[in-house]
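This report refers to the structure that appears directly beneath it.
The values are calculated or read from the model by the stated rules, or taken from the named source; none is laboratory data. Remember, it's a predicted structure, so these values are computed and weren't measured experimentally. Here the Cβ is made from the backbone with ideal geometry for all residues, glycine too, and neighbour counts use every protein chain on show.
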Amino acid sequence: MPFWLKISCIAICLAHASLVSAQSSASDVFDTTAKTLRYGCIEFSPYCYIDEFGRAQGSLVKLATFLCHQAGYQIEVLVLPPKRAIRMVADGSVDLWIGLPNIESYRDAVLRSALPITTFALDIYSLNPMDNFTGINELHSKRVAVIRGYTYGGLIDDLKLPVRRISFMEVADHVQATNALYRRNIDYMVGYRAGVIEAAKSLNRPVPFRYPIKTLDVFIMVPKAASNATLLLKKLEAAHTASKAVNETNGPTAN
């Protein structure tokens, strides 16, 4: 074989080896399809809760599971108390979070989806008609139930201003808050609408009168500390976009 041909063959082989090596390295970095994602959620029926068999259930659990599977991941669901959940999002102990973006503890530590994927309706509740209720200033010097660890999208900081002189009862969940209201241990409670409806149902009580405070946007979020966080978020967003397209094609579905 001529010398120049030998040199050409060697060069081609080396180039091919380099290409294979680069593809392998890229695969190691970007192919995360076999990974199990840790999805953290606050116990908050009907969005996330543990059923009688010890399994995580709820609409957000179903959504997170769907998104993970569509994006090529397995999922491990962690149902957590509010303060621990927020801490784990902030330090990257979970890979996926679906919630409110403006929580100070983790706001700068996460990447969030470009668009919200759902909303939470936040209300103030009373056993008395609220036709003449004008807003949170009406809570001055009143007894109000709030759920321990909830920020209510930042509303809790406003409510806890000393000038409001509100007497707070901190409870574990919407069921305890609703029960306290019906026992007249409090004058008002702050609650997410879906949670209060579920709580009233479980207590076999009518849903109390409500005054709408605001509607909060909910986003897909990935801690910046997660492996390949930007790519992971893109995959989850693409999975959500695909699911919306399917729902629009098949007609509206219940959330």
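Within region 50-80, being under 13 Å from the mean Cα position of the chain (by Cα) and either assigned by TED's automatic domain parsing to the domain that holds residue 195 or more than 26 Å from residue 241 (Cβ to Cβ) (or both) holds for 79, 80.
I'd like to check something: does region 114-131 contain any residue that is buried (at least 18 other Cβ atoms within 10 Å of the Cβ) and among the polar types (S, T, N, Q)? Yes; the residues of region 114-131 include at least one that is buried (at least 18 other Cβ atoms within 10 Å of the Cβ) and among the polar types (S, T, N, Q). Among the residues of region 99-141, those identified as under 22 Å from residue 179 (Cα atoms) and of a type in the set (A, V, I, L, M) are 121, 122, 124, 127, 130, 136, 139.
Hey, among 94, 79, 110, which residue is closer than 24 Å to residue 155 by Cα and either touching a residue at least 40 places away in the same chain (Cβ under 8 Å) or in contact with a Pro (Cβ under 7 Å, 6 or more places away or on another chain) (or both)?
Values: 94 fails: closer than 24 Å to residue 155 by Cα; 79 fails: either touching a residue at least 40 places away in the same chain (Cβ under 8 Å) or in contact with a Pro (Cβ under 7 Å, 6 or more places away or on another chain) (or both).
Just a single option satisfies the conditions, and that option is 110.
Of all the listed residues (146, 222), the sole one being in contact with a helix residue (DSSP H, G or I) (Cβ under 9 Å, 6 or more places away or on another chain) and either assigned to a loop (DSSP other than H, G, I, E, B) or under 30 Å from residue 69 (Cα atoms) (or both) is 222. Listed by position, the helices (runs of 4 or more DSSP H) enclosed by region 149-219 that each have at least 2 residues that are touching a Pro at 6+ places or on another chain (Cβ under 6 Å) are 193-202. Is it the case that region 114-137 has a residue that's touching a residue at least 60 places away in the same chain (Cβ under 8 Å), closer than 25 Å to residue 240 by Cα and part of a helix (DSSP H, G or I)? No; the residues of region 114-137 include none that is touching a residue at least 60 places away in the same chain (Cβ under 8 Å), closer than 25 Å to residue 240 by Cα and part of a helix (DSSP H, G or I).
Return the only residue of 231, 203 being among the hydrophobic types (A, V, I, L, M, F, W, C) and assigned by TED's automatic domain parsing to the domain that holds residue 111. Outline the logic, then answer.
Details: 203 fails: assigned by TED's automatic domain parsing to the domain that holds residue 111.
Exactly one residue qualifies, and that residue is 231.
Answer yes if at least one residue in region 187-199 is loosely packed, with under 13 Cβ neighbours inside 10 Å and modelled with pLDDT of 95 or more, and no otherwise. So far as region 187-199 goes, no, none of its residues is loosely packed, with under 13 Cβ neighbours inside 10 Å and modelled with pLDDT of 95 or more.
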